[in-house]
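Visitor: Pasting in a structure now, in structure tokens, and then I'll have a few things to ask.
The values are calculated or read from the model by the stated rules, or taken from the named source; none is laboratory data. On a predicted model such as this, the values are computed, not experimentally measured, just so you know. Here Cβ is always computed from backbone atoms with ideal geometry, including for glycine, and neighbour counts include all displayed protein chains.
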Amino acid sequence: MSGTQVVATGGAVPFGRGRPSKRRRLYGSDFIWSIAFLVPYAAVFAAFVIYPIGYGLWMGSNPSLYAELFADPRYTTAAINTLLFLALAVNAQMLGALLLSGFFMRPRRWIKALLVIYILPWALPAVPAFLSFHWMLVADRQGLLDGLLSVLFGVEGPDWFAQGWLALACDIVSYIWKWMPLWTLILLGGRMAIPPDLYEAAEMDGASPYRRFVHVTVPLLANLYLISTVISTIWAFGDYAPVLFVSGGAPAFSSNVLSTLGFRYALDFADPQLAVAAGLSGLPLLIPLVVLLMRRLSTAEVQL
Amino acid sequence: MSAAPPLKRRARRPNYRLRRVLVEAASAALGAVVVVWSLIPVYNMFLVALDPTGHNEFTGEIWPLHPTLDSFVALWTEGADDVEHIWSQFGNSIYIGIMVMALTVVIGSLASFAVGRMRLAQDWALTNTALVTYVIPSSTLIIPFFRVMHIYRLLDNPWAVIAAEVTFATPYAILVLLQYAKLIPVELDEAARIDGASVAQVYLRIYLPLIAPALAAVGSFAILLSWNDYFYQYMLLMSEKHTTVAVALEQFFDDDDAPWNYMMAIAIVYSLPPIAIFYALRRYIAAGLTKGGVTG
């Protein structure tokens, strides 16, 4: 009984890690076992993914909601802010992570120790971290950052949350602070997986560090970088914490993004339908990203 | 011609040395920037927490002039109105975090075993299914989630939050575990089966030990996700008995006169568990993240 699975491969048992077989059929108890192993996830998926998503689509299915949404100037601002946030925060973070992962590859003991400190923001929970940012900036030009500016450079800091664009910039910097370490760690893993002989060969051929980066690191890291960027964009779209806790959407709704605007619609204006519609209006952006991710992950082997 | 190469080399040597010095100086400078960048907000937490009034932001202090541990003492003894339930709130957060971590690890490892090792379906089928979770952003999904939890009669029950957080932690867990499982030769399972091991035995004795680093990485992700969450805990738990620390912290934020030194003291204590877990499992997390490194 227990041997059926092996026999059933029909002679062509693949050895090594080449092409791992066309699908082997699972028979009898093996089939039941594997179904049983999948049941917990299937249950979670049906109860907490399919049903709520379906419910959400149904809640936001009335076209008049979108007319109301597009007529609201707060929505327009939030939509533009969301695009700015995604374009600036995600790309700056990924670029920084790419460069810093190269820095952390340097074989120095103190750089290894530095990595431990650098990872700290990622391990720090979001609410306390962003509240600390808020308190550093908010207090009538007397927060820690303003204090440092005046002691070190003798300049008085601006009123950080007086203008929408400056408040949004503060949110973006806080977001990068919190999440860049994770992606640095992932790209560092990708860099460490590149065989060192490639670099040695390139060096032997007289390639400068810049050309080694462009012709060895970039092509080998490109897929991982792309996938990380897409995942990070998807996560950032749903991330309310930097805006909610750092600027709080101040001043007067001008630094909100879609996720925090939905929060306001649902709680302050008691209009959950509109809140769902605000979130669903991001689908034209999110669905292509998820499809891209699916295609990338099914065709290429990546490490995460 | 014969004298040219040594001459050239001699001329270039100081150049090399200069370049090395410059590189080291630049990397030291970058290191200093990284330290300051990473630690300023953390330092600010201590600055506020150690201030006796908690209102030092309005004086422009950059150094604690009168440091005191009052806020931590008040926290420990629950000796102030604002922190009177703090330890039960910590209990709630820890309960939710541990359950999310355990369930994510169990569900993720079972599903990845069925698909990645037993080949019930192709890898990509499971990955793509899991990715459907990302189609609607989590901050929007909370609203239908709230209604659905009402239908399930799970409102104001920690399990509603646990379910939500497990839902968002599992797709990434499955992604990582499937990639990691590919690195282990299938022949191991087959050999064990020939020797008479049951499927459950293969899962418990062979699969789990071999993917342990990835499980550590995935488990830490899950607990960090739970610790980062605020919205679901705020929406799905109403009664004081079930309030978590993240929600309690936000309540300080809403109150203009709140003692911020207490808030930052709570924030510091709240940050300790994930940091401890992260540094305890750091080696495994690094391995879990890097071992699957088949870029291409």
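Visitor: Filter the helices (runs of 4 or more DSSP H) completely within the range A:221-304 down to those with at least 3 residues that are more than 9 Å from every other protein chain (Cβ to nearest Cβ), within 20 Å of the chain's Cα centre (by Cα) and not acidic (Asp, Glu).
Guide: A:283-299
Visitor: Something else now. Return the residue satisfying two criteria in turn: it lies in the range A:226-251 and is among the polar types (S, T, N, Q) and more than 22 Å from B:Ser226 (Cα to Cα), and of such residues it is surrounded by the most Cβ atoms within 10 Å (Cβ to Cβ).
Guide: A:Ser247
Visitor: On to the next question. Of the residues A:Ser34, A:Ser29, A:Ser64, A:Ser21, only one is over 26 Å from B:Thr170 (Cα atoms), under 36 Å from the mean Cα position of the chain (by Cα), of a type outside the set (A, V, I, L, M, F, W, C) and modelled with pLDDT of 50 or more; which?
Guide: After applying the criteria, what remains is A:Ser64.
Visitor: If you scan the range B:25-45, which residues turn out to be more than 16 Å from A:Lys178 (Cα to Cα) and within 9 Å of chain A (Cβ to nearest Cβ)?
Guide: Within the range B:25-45, B:Ser27, B:Ala28, B:Leu30, B:Gly31 qualify.
Visitor: Separate question: Is there any pair with a first residue in the range B:119-138 that is over 13 Å from A:Phe48 (Cα atoms) and a second that is among the hydroxyl-bearing types (Ser, Thr, Tyr) and surrounded by fewer than 19 Cβ atoms within 10 Å (Cβ to Cβ) whose Cβ atoms are under 9 Å apart and which are 6 or more apart or on different chains, and what are they?
Guide: B:Arg119/A:Ser21; B:Gln122/A:Ser298; B:Asp123/A:Ser298; B:Trp124/A:Ser298; B:Trp124/A:Thr299; B:Ala125/A:Ser298; B:Thr127/A:Ser298; B:Asn128/A:Ser298
Visitor: Give B:Glu84, B:Glu78 a once-over and let me know the one that is in contact with a His (Cβ under 8 Å, 6 or more places away or on another chain) and surrounded by fewer than 16 Cβ atoms within 10 Å (Cβ to Cβ).
Guide: B:Glu78
Visitor: Another question about this same structure. Among the residues of the range B:233-248, what is the count of those that are part of a helix (DSSP H, G or I) and surrounded by 19 or more Cβ atoms within 10 Å (Cβ to Cβ)?
Guide: Total meeting the criteria: 9.
Visitor: Out of A:Phe70, A:Phe85, report the one residue that is within 26 Å of B:Ala246 (Cβ to Cβ) and aromatic (Phe, Trp, Tyr).
Guide: A:Phe85
Visitor: Against the conditions (1) within 12 Å of another protein chain (Cβ to nearest Cβ); (2) buried (at least 20 other Cβ atoms within 10 Å of the Cβ); (3) out of contact with any Pro (no Cβ under 6 Å at 6 or more places or on another chain), where does A:Pro107 fall short? Just the number, please.
Guide: Here A:Pro107 meets the rest and fails (2).
Visitor: Here's a follow-up. Considering (1) without any contact (Cβ under 8 Å) to a residue 60 or more places away in the chain; (2) within 30 Å of B:Asn44 (Cα to Cα); (3) more than 7 Å from chain A (Cβ to nearest Cβ), say which one B:Tyr262 fails and leave the rest.
Guide: Of everything listed in (1) without any contact (Cβ under 8 Å) to a residue 60 or more places away in the chain; (2) within 30 Å of B:Asn44 (Cα to Cα); (3) more than 7 Å from chain A (Cβ to nearest Cβ), B:Tyr262 misses just condition (1).
Visitor: Out of the residues in the range A:37-49 meeting the condition of being farther than 14 Å from B:Ala121 by Cβ and surrounded by 15 or more Cβ atoms within 10 Å (Cβ to Cβ), tell me which one is nearest to the chain's Cα centre (by Cα).
Guide: In this case the residue turns out to be A:Val49.
Per-residue answers, yes or no, for (1) assigned by TED's automatic domain parsing to the domain that holds A:Gly96; (2) out of contact with any Ser or Thr (no Cβ under 6 Å at 6 or more places or on another chain); (3) farther than 30 Å from B:Ala28 by Cβ:
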position	(1), (2), (3)
A:Leu120	yes, no, no
A:Ala126	yes, yes, yes
A:Asp146	yes, yes, no
A:Val155	yes, yes, no
A:Phe161	yes, no, yes
A:Lys178	yes, yes, no
A:Pro181	yes, yes, no
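Visitor: Hey, can you tell me all the residues within the range B:265-296 that are facing another protein chain (nearest Cβ under 7 Å) and modelled with pLDDT under 85?
Guide: B:Phe278, B:Leu289, B:Thr290, B:Gly292, B:Gly293, B:Val294, B:Thr295, B:Gly296
Visitor: Further, regarding this structure: Is it the case that A:Val214 is free of Cβ contacts under 8 Å to residues at least 60 places away in the same chain, surrounded by fewer than 24 Cβ atoms within 10 Å (Cβ to Cβ) and in a helix (DSSP H, G or I)?
Guide: It is true that A:Val214 is free of Cβ contacts under 8 Å to residues at least 60 places away in the same chain, surrounded by fewer than 24 Cβ atoms within 10 Å (Cβ to Cβ) and in a helix (DSSP H, G or I).
Visitor: Quick one: B:Asn92 ticks every box in (1) at pLDDT 80 or above; (2) buried (at least 20 other Cβ atoms within 10 Å of the Cβ); (3) out of contact with any Phe, Trp or Tyr (no Cβ under 8 Å at 6 or more places or on another chain); (4) within 14 Å of chain A (Cβ to nearest Cβ) except a single one, so which number is it?
Guide: That leaves (4) as the condition not met.
Visitor: Here is a further query. Mind listing just one residue for me: the one in the range B:46-71 that is part of a helix (DSSP H, G or I) and more than 7 Å from chain A (Cβ to nearest Cβ) and, of those, modelled with the highest pLDDT?
Guide: B:Phe46
Visitor: So which residues in the range A:228-273 are within 24 Å of A:Asp159 (Cβ to Cβ) and small (Gly, Ala, Ser)?
Guide: Residues satisfying the conditions are A:Ala241, A:Ser247, A:Gly248, A:Gly249, A:Ala250, A:Ala252, A:Ser254, A:Ser255.
Visitor: Taking the range B:177-190 as the search range and keeping residues that are more than 9 Å from chain A (Cβ to nearest Cβ) and closer than 13 Å to B:Val202 by Cβ, which one is surrounded by the fewest Cβ atoms within 10 Å (Cβ to Cβ)?
Guide: B:Leu188
Visitor: A further question on this structure: Provide a single number: the residues in the range B:119-153 that are within 22 Å of A:Gly238 (Cβ to Cβ), more than 7 Å from chain A (Cβ to nearest Cβ) and part of a loop (DSSP other than H, G, I, E, B).
Guide: Residues that pass the stated criteria total 0.
Visitor: Also: Just to be sure, is A:Leu114 surrounded by fewer than 19 Cβ atoms within 10 Å (Cβ to Cβ), within 10 Å of another protein chain (Cβ to nearest Cβ) and of a type outside the set (Phe, Trp, Tyr)?
Guide: no
Visitor: Let me ask something additional. Considering the range B:196-220 alone, what residues qualify as being surrounded by 15 or more Cβ atoms within 10 Å (Cβ to Cβ), at the interface with another protein chain (Cβ under 9 Å from one of its Cβ atoms) and either within 15 Å of the chain's Cα centre (by Cα) or not hydroxyl-bearing (Ser, Thr, Tyr) (or both)?
Guide: Residues satisfying the conditions are B:Ala197, B:Val199, B:Ser220.
Visitor: If you don't mind, another one. When only residues in the range A:67-118 that are β-branched (Val, Ile, Thr) and more than 17 Å from the chain's Cα centre (by Cα) count, which is modelled with the lowest pLDDT?
Guide: Checked the range A:67-118; the qualifying residue modelled with the lowest pLDDT is A:Val116.
Visitor: Taking B:Asp123 as the residue in question, decide whether it is assigned by TED's automatic domain parsing to the domain that holds B:Leu237 and among the acidic types (Asp, Glu).
Guide: yes
Visitor: Of the numbered conditions (1) over 25 Å from B:Gly97 (Cα atoms); (2) in contact (Cβ under 8 Å) with a residue 12 or more places away in the chain; (3) buried (at least 17 other Cβ atoms within 10 Å of the Cβ); (4) of a type outside the set (Ser, Thr, Tyr), B:Arg193 fails exactly one; give the number of that condition.
Guide: In the conditions (1) over 25 Å from B:Gly97 (Cα atoms); (2) in contact (Cβ under 8 Å) with a residue 12 or more places away in the chain; (3) buried (at least 17 other Cβ atoms within 10 Å of the Cβ); (4) of a type outside the set (Ser, Thr, Tyr), B:Arg193 misses (2) alone.
Visitor: Condition test on A:Ser132, is it crowded, with 23+ Cβ neighbours inside 10 Å, assigned to a helix (DSSP H, G or I) and among the polar types (S, T, N, Q)?
Guide: yes
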